[in-house]
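These notes are about the structure you will find just below.
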Amino acid sequence: MSDILRQVDEDLRKERLSNLWKKYGLYLVAFIIVIVLTVVGYQLKASIDKSKNENLLEIYIESANSESFNQQLLMLETITNSKNIHLSGLADLKIANLFIENKNIEKGLIKLEEIAANQNYDIIINDLATYLLLMIKINELSEGRFMEQINTVNVQNSKFKYLFMELISIKKLLIGKNKESTKGFQELIDLIDTPADIKTRAIKFIEIAK
């Protein structure tokens, strides 16, 4: 009887987590996209020759201030068609984000797949696109397919190392591998360089896994 009750409790926990992810996952994705794009944009901007690309930067900034989806898209496509691979990659990510924000998830995913596979872009752009793809499709992908895509990234050397580690543990939790999930979250908590917000989330996820 205790085994049956334990299984029922486990099933209810998995269902609750899955429902929470379906309900709020997209909002979390959009929030993280905005935060990460801001950071990536700052880093890439520092490496760009201002004298040659000032106009492109102005277009990118102007697009962010526009309230019209179509106008933003046209402005960003102007940048993606330029020869500046740094700003082009950033603009492509922003386009993917626009589709996602406007509930056109399919187009957003197609765009992210294109970015992740584009070897002309900086590796930080490729990694971010892969991360966002996996985050959005985390419920759809089998564990094998999920890890296969994770392995296309050099996680330990990625700028998004801790986000990838967190994502792997979330996947483990969603499929009911609570012990492996808890171990992964605990590793994030124990690592000195893990960002504070990720550590805070790890603690909360461990509580869910109990």
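The values are calculated or read from the model by the stated rules, or taken from the named source; none is laboratory data. These numbers come from a predicted model, not from an experiment. Methodologically, a virtual Cβ is constructed for each residue, glycine included, from the backbone with ideal geometry; neighbour enumeration extends over all protein chains shown. The accessibility values were calculated without ligands, DNA or RNA, using every heavy atom of the protein model including side chains. Shrake-Rupley method; radii C 1.70, N 1.55, O 1.52, S 1.80 Å.
Some observations on this one:
- A Förster radius of 30 Å combined with the Cβ-Cβ distance from Ser66 to Ile208 puts the calculated FRET efficiency at roughly 0.15.
- Cα-centre dipole for the stretch 91-210 with unit charges at Cβ (Lys and Arg positive, Asp and Glu negative), debye to 20: 380 debye
- Percent carbon-and-sulfur accessible area, the stretch 54-152, ignoring ligands, DNA and RNA, probe 1.4 Å: 46 percent
- Restricting the trypsin sites (Lys or Arg not before Pro) of the stretch 87-166 to loop positions (DSSP other than H, G, I, E, B) with no more than 13 neighbouring Cβ atoms within 10 Å leaves Lys103.
- Loop GluC sites (Glu not before Pro), the stretch 127-210, which have at most 16 other Cβ atoms in a 10 Å radius of their Cβ (DSSP): Glu140
- Computed from the C-beta positions of Ile105 and Asn154 and an R0 of 22 Å, the FRET efficiency is 0.20 to the nearest 0.05.
- Label separation (Asp197 vs Lys183): 2.9 nm, computed from points 7 Å beyond Cα along the C-beta direction.
- Across Lys83/Lys103; Lys111/Lys137; Lys179/Lys204; Lys172/Lys199, pairs whose alpha-carbon gap is larger than 21 Å: Lys83/Lys103
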